[in-house]
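Participant: Dropping the structure in here first, questions after.
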Amino acid sequence: MKRPIAHRALAGLAFALLALTGCTPKAGDDTDATTSAPITPSLIPAPAALQTGEGAFDITADTRLAASGEAATRVAQQFATYLQSAGGPALATTQDTGKGAIRFVLEPDATDKNPEAYALDVTPDGVTVKAHDERGLFYGAVTLWQLATQGDKSGVTLPALHIEDAPRFGWRGFMLDPARHFQQVDDVKKIIDAMALHKLNTLHWHLTDDQGWRIEIKQYPKLTDIGGCRIPAGDGGKDPTTGEPRPYCGFYTQDQIRDVVKYAAERHITVVPEINVPGHATAAIAAYPELGSIDTPLVPSNEWGVFPNLVNVEEGTITFFENVLGEVVTLFPGTYVHIGGDEAVKDQWEASAREQARMREVGAKTEMDLQGYLVGRLEKYLATHGKRLIGWDEILEAKLPPEATVMSWRGIEGGLQAARQGHDVVMSPSSKTYLDYLQTASPNEPPGRPALITLQDVYGFDPVPTELEESQRHHILGIQANLWTEHTRTFARLQHNAFPRLAAVAETGWTPAAKKDFANFTARLPAQLKRYDAIGLGYAKTPFEAMIATEDDRKAGTAKITLSNPLGYAVRYTTDGSEPKATSPAFTTPLDVKLPATVRAAAFAEGRALAPASTFELTPASLLSRTDEAMAVCPDAGRLLLRLEDDGPADGERAIFNATIFYPCWQWNQADLDGIASIKVRAGRIPYYFQLAHDEPSRNFEPAKSPLGELEILGGGCTGRTLATVALPAAPDADGFLDLEAPLPAGTTGRQDLCVRFTGDTRPQMWVLDRITLQPQ
Ligand code: ACM
């Protein structure tokens with residue numbers, strides 16, 4: 001069992017090298033004016049057209065919601081519920097459309113207008129939301145809700161305005177992954193509400209993968225009985241008292257699925273289920289081994305990555321998945337069913353006489369053609385049920401029925417190619433829309449992939465490639481963000497990863513491209529955060545934190561400090577230990593401080609701190625210590641840097657480590673070694689739980705020189721002089737950590753790039769750096 005870390009975050013200079021990455025244009029408002037009534041509408045996504053008017057309309061507890069007819073009444077009541085859930089007054093719905101009312105008007109229109117379009121008028125006499133379809137009326141209600149919740153309290157003053165609005169794209173999506181870590185139904189509904197309040201309309205539900213099968217299929221109960229549980233790797237998979245295996249389980253019953261689908265439909269969100277074949281199918285094969293391509297029995301995996309396991313393409317297997325889809329199509333009324341198709345490495349089919357024979361039988365020249373044959377069969381089956389197939393962009397690598405839609409994730413190239421071939425496309429490139437990548441360089445980020453996808457990166461992505469011919473652009477259905485959950489074990493972390501980046505996706509999906517402007521978006525964002533707070537939606541505070549970078553002069557006992565905010569909001573600070581306020585000095589130029597010093601700082605907009613103040617305790621000792629987050633990746637360490645959670649304790653908070661899994665190595669650039677006698681290294685240990693398929697040869701750790709490997713510290717970088725070598729023990733201490741002390745050779749001086757690495761195979765367990773401390777003579 002491993003002890004959780006005690007307060008790693010904000011522990012002083014340890015992360016001095018972070019910050020100042022990805023600087024963005026300055027967010028608009030750094031004034032301190034406190035306004036009571038919000039006058040400038042801060043809407044996200046920005047509407048297509050908005051004109052402000054004269055005066056305002058006050059919503060009070062007496063304001064009536066007027067609607068006639070079932071659909072308009074339904075929308076009025078949804079508005080009332082959302083307003084109340086944000087702390088606003090409880091408003092009654094009537095049919096009285098008199099003065100002082102908020103009117104919801106549905107005017108069916110025979111012309112082929114966008115069903116998601118609406119118009120909204122606010123005048124001092126009343127408010128009218130108008131649309132010709134219930135969907136549009138709902139989005140008008142969402143805009144009205146945003147106007148009513150952008151101030152300090154709900155039930156407020158709405159500025160007079162006129163909005164004419166309709167979305168740019170019909171597919172404004174978000175993908176949720178319950179296969180790796182499961183979300184309870186209430187949490188899925190919370191996401192659905194949050195999506196609706198961003199005018200997102202498609203929930204892609206990734207229901208099956210190697211680590212879990214999450215949808216009840218009546219005909220095949222073992223899919224969830226066996227495929228719904230895995231034993232997590234390491235301490236997290238053991239009962240802490242008995243040591244017995246403790247499975248991680250979860251699936252949605254068909255009743256729960258129907259409930260979620262209905263809940264989403266009421267909020268005009270279509271749920272697209274994904275049943276992934278032929279790869280990412282270990283859980284299914286574990287449940288029904290006859291589906292597999294090898295004879296070795298499998299279990300639902302507790303590792304992450306790309307697995308070799310593929311389903312076979314026998315008639316029996318095709319029938320099995322047709323039967324699965326037969327149940328799926330009755331549960332999901334939407335047009336699309338996602339069949340996966342990604343990362344299906346073909347080694348098992350290449351090695352299988354049975355699959356090779358099957359290839360000849362169906363006329364497949366390559367293994368990819370065999371995948372194409374499977375996709376084609378499933379497409380045909382879905383078409384007979386009035387459904388359309390969508391799959392990851394790998395499905396393009398074989399012959400693809402023209403009706404199939406492609407979800408472009410390996411960049412935009414697949415989408416571009418698919419659109420040129422006449423396929424519809426949803427753009428969700430991993431480099432711009434994958435929300436398991438971290439969003440800032442803050443040490444307070446949760447586990448995930450540390451290559452940053454900042455809010456600005458997400459916002460800046462346009463799903464229509466400029467190189468795509470005008471005549472093919474209609475094939476781009478829209479944009480989708482995907483939240484893979486390998487490293488996202490809790491719902492709080494899931495919300496952190498999703499918001500506010502999903503707000504950027506929503507704006508790209510809805511707002512005309514010409515109206516998008518990142519500085520303007522960040523100026524509207526503080527109002528959105530208030531809404532999140534009001535409805536209890538979790539979101540990342542990290543983009544709204546103050547960050548610090550320091551240049552220290554240990555001999556002089558001083559440091560030069562630069563404060564910043566990742567989104568460019570004004571940073572205000574104190575040096576007397578007090579909480580920074582809207583009247584505290586704004587950081588403009590680097591500060592020289594004498595140590596010890598306490599710097600407290602926060603990012604401000606609209607006269608308030610956007611996140612809790614950061615406290616930086618700068619002491620002579622803190623200059624000598626650095627955590628893994630503050631260390632650089634060693635050159636040639638491979639590109640797979642991950643921010644990984646410790647495997648234990650089974651319950652409670654766990655330590656988090658930044659580690660390159662191909663080569664456990666960290667570098668402290670330009671460490672000042674003058675007067676340093678030894679180096680203390682604190683390390684943790686985690687299971688190596690990665691499947692890399694064809695990337696496996698990229699693992700290039702240093703060979704061990706003794707049976708259990710060693711800690712090596714080098715000066716002058718990783719190809720420099722070895723300063724210390726300490727043999728590693730078989731296991732960490734009882735608390736899960738290991739403390740090692742490495743004396744430095746006499747005469748080690750000057751500033752040097754300090755390379756810290758563990759030798760030996762990273763399997764089955766891997767040492768990871770927690771903290772390094774320089775110890776003076
Ligand atoms: C994917 O990220 N493998 C679709």
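The values are calculated or read from the model by the stated rules, or taken from the named source; none is laboratory data. Only a predicted model underlies this, so the values are computations on that prediction, with no experimental measurement involved. When we count neighbours, we look across all protein chains shown, and the Cβ atoms used for this are built from the backbone with ideal geometry, even at glycine. Surface accessibility is based on the protein's heavy atoms, side chains included, excluding ligands, DNA and RNA. Shrake-Rupley method; radii C 1.70, N 1.55, O 1.52, S 1.80 Å.
Participant: Is at least one residue of the range 115-129 of a type in the set (D, E, K, R), within 27 Å of the chain's Cα centre (by Cα), open to solvent by 30 Å² or more (accessible area, probe 1.4 Å) and over 30 Å from Tyr689 (Cα atoms)?
Facilitator: No, the range 115-129 contains no residue that is of a type in the set (D, E, K, R), within 27 Å of the chain's Cα centre (by Cα), open to solvent by 30 Å² or more (accessible area, probe 1.4 Å) and over 30 Å from Tyr689 (Cα atoms).
Participant: Next up: Restricting to the range 591-609, and then to whatever is in contact (Cβ under 8 Å) with a residue 40 or more places away in the chain and open to solvent by 30 Å² or more (accessible area, probe 1.4 Å), can you tell me which residue is farthest from Thr619 (Cα to Cα)?
Facilitator: Glu606
Participant: Given the conditions (1) at pLDDT 95 or above; (2) of a type in the set (Gly, Ala, Ser); (3) in contact with a helix residue (DSSP H, G or I) (Cβ under 8 Å, 6 or more places away or on another chain); (4) surrounded by fewer than 24 Cβ atoms within 10 Å (Cβ to Cβ), and given that Ala179 satisfies all but one, which numbered condition is not satisfied?
Facilitator: Of everything listed in (1) at pLDDT 95 or above; (2) of a type in the set (Gly, Ala, Ser); (3) in contact with a helix residue (DSSP H, G or I) (Cβ under 8 Å, 6 or more places away or on another chain); (4) surrounded by fewer than 24 Cβ atoms within 10 Å (Cβ to Cβ), Ala179 misses just condition (4).
Participant: Another question about this same structure. In the set Glu322, Glu343, which member is assigned to a helix (DSSP H, G or I) and open to solvent by 10 Å² or more (accessible area, probe 1.4 Å)?
Facilitator: Result of the check over Glu322, Glu343: Glu322.
Participant: Among the candidates Val299, Val261, single out the residue that is open to solvent by 10 Å² or more (accessible area, probe 1.4 Å), more than 16 Å from the ligand (Cβ to nearest atom) and assigned to a loop (DSSP other than H, G, I, E, B).
Facilitator: Val299
Participant: For the condition within 16 Å of the ligand (Cβ to nearest atom) and touching a residue at least 24 places away in the same chain (Cβ under 8 Å), what is the one hit in Val313, Val306, Val324, Val329?
Facilitator: Sole residue among the options that is within 16 Å of the ligand (Cβ to nearest atom) and touching a residue at least 24 places away in the same chain (Cβ under 8 Å): Val306.
Participant: Can I ask one more? State whether the residues of the range 247-257 include one that is under 21 Å from Arg388 (Cβ atoms) and either surrounded by fewer than 22 Cβ atoms within 10 Å (Cβ to Cβ) or touching a residue at least 12 places away in the same chain (Cβ under 8 Å) (or both).
Facilitator: Restricting attention to the range 247-257, the residues satisfying the condition of being under 21 Å from Arg388 (Cβ atoms) are 257.
Add one more test, that the residue is either surrounded by fewer than 22 Cβ atoms within 10 Å (Cβ to Cβ) or touching a residue at least 12 places away in the same chain (Cβ under 8 Å) (or both), and what stays is 257.
Among the residues of the range 247-257, at least one is under 21 Å from Arg388 (Cβ atoms) and either surrounded by fewer than 22 Cβ atoms within 10 Å (Cβ to Cβ) or touching a residue at least 12 places away in the same chain (Cβ under 8 Å) (or both), which makes the answer yes.
Participant: Among the residues of the range 418-427, are any among the small types (Gly, Ala, Ser), closer than 30 Å to Leu642 by Cα and crowded, with 22+ Cβ neighbours inside 10 Å?
Facilitator: no
Yes or no, residue by residue, for (1) within 16 Å of the ligand (Cβ to nearest atom); (2) surrounded by fewer than 18 Cβ atoms within 10 Å (Cβ to Cβ):
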| site | (1), (2) |
| --- | --- |
| Ser442 | no, no |
| Arg449 | yes, no |
| Glu470 | no, yes |
| Glu486 | yes, no |
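Participant: Next question, about the same structure. Taking the range 208-223 only, how many residues are open to solvent by less than 10 Å² (accessible area, probe 1.4 Å) and either over 20 Å from His338 (Cα atoms) or not aromatic (Phe, Trp, Tyr) (or both)?
Facilitator: Here the count works out to 9.
Participant: Moving on to the next point. Taking the conditions exactly as written (surrounded by 22 or more Cβ atoms within 10 Å (Cβ to Cβ) and more than 16 Å from the ligand (Cβ to nearest atom)), does Ala549 satisfy them or not?
Facilitator: Judged against the criteria, Ala549 is not a match.
Participant: For residues that are within 12 Å of the ligand (Cβ to nearest atom) and among the polar types (S, T, N, Q), scanning just the range 408-440, find the one that is nearest to the chain's Cα centre (by Cα).
Facilitator: Across the range 408-440, the extreme among qualifying residues is Thr433.
Participant: Now, a different point. Would you check if Ala148 is surrounded by 21 or more Cβ atoms within 10 Å (Cβ to Cβ), touching a Gly at 6+ places or on another chain (Cβ under 7 Å) and in contact (Cβ under 8 Å) with a residue 40 or more places away in the chain? It would help to see each step written out before you state the result.
Facilitator: Details: surrounded by 21 or more Cβ atoms within 10 Å (Cβ to Cβ): yes; touching a Gly at 6+ places or on another chain (Cβ under 7 Å): yes; in contact (Cβ under 8 Å) with a residue 40 or more places away in the chain: yes.
For Ala148, the condition - surrounded by 21 or more Cβ atoms within 10 Å (Cβ to Cβ), touching a Gly at 6+ places or on another chain (Cβ under 7 Å) and in contact (Cβ under 8 Å) with a residue 40 or more places away in the chain - is met.
Participant: Just give me the residues in the range 380-397 being open to solvent by less than 10 Å² (accessible area, probe 1.4 Å) and either within 14 Å of the ligand (Cβ to nearest atom) or not in a helix (DSSP H, G or I) (or both), in sequence order. Working first, answer last.
Facilitator: First, pick out the residues of the range 380-397 that are open to solvent by less than 10 Å² (accessible area, probe 1.4 Å): 382, 389-393, 395.
Selection gives Leu389, Ile390, Gly391, Trp392, Asp393, Ile395.
Participant: Now, a different point. From the list Glu350, Glu403, pick out the single residue that is more than 16 Å from the ligand (Cβ to nearest atom), of a type outside the set (Lys, Arg), open to solvent by 50 Å² or more (accessible area, probe 1.4 Å) and in contact with a His (Cβ under 9 Å, 6 or more places away or on another chain).
Facilitator: Step by step, each of Glu350, Glu403 is checked, and only Glu403 is more than 16 Å from the ligand (Cβ to nearest atom), of a type outside the set (Lys, Arg), open to solvent by 50 Å² or more (accessible area, probe 1.4 Å) and in contact with a His (Cβ under 9 Å, 6 or more places away or on another chain).
Participant: Is it the case, given these coordinates, that Ile453 is assigned to a loop (DSSP other than H, G, I, E, B), in contact (Cβ under 8 Å) with a residue 24 or more places away in the chain and within 16 Å of the ligand (Cβ to nearest atom)?
Facilitator: Yes: the conditions hold for Ile453.
Participant: Let me spell it out: the conditions are (1) in contact with a Lys or Arg (Cβ under 7 Å, 6 or more places away or on another chain); (2) β-branched (Val, Ile, Thr); (3) assigned to a strand (DSSP E or B), and Val142 meets all of them except one. Which number is the exception?
Facilitator: (3)
Participant: What are the pairs, 6+ residues apart or on separate chains, where a residue within the range 467-489 that is among the acidic types (Asp, Glu) has its Cβ under 9 Å from a residue that is more than 16 Å from the ligand (Cβ to nearest atom) and outside any strand (DSSP E or B)?
Facilitator: Short answer, once both residue conditions are applied: Glu467/Leu416; Glu469/Ala419; Glu469/Arg420; Glu486/Pro447.
Participant: Contact list please: Cβ distance under 8 Å, first residue in the range 429-449 and in contact (Cβ under 8 Å) with a residue 24 or more places away in the chain, second residue within 16 Å of the ligand (Cβ to nearest atom) and acidic (Asp, Glu), pairs at least six apart or on different chains.
Facilitator: Asp436/Glu486; Gly448/Asp436; Arg449/Asp436
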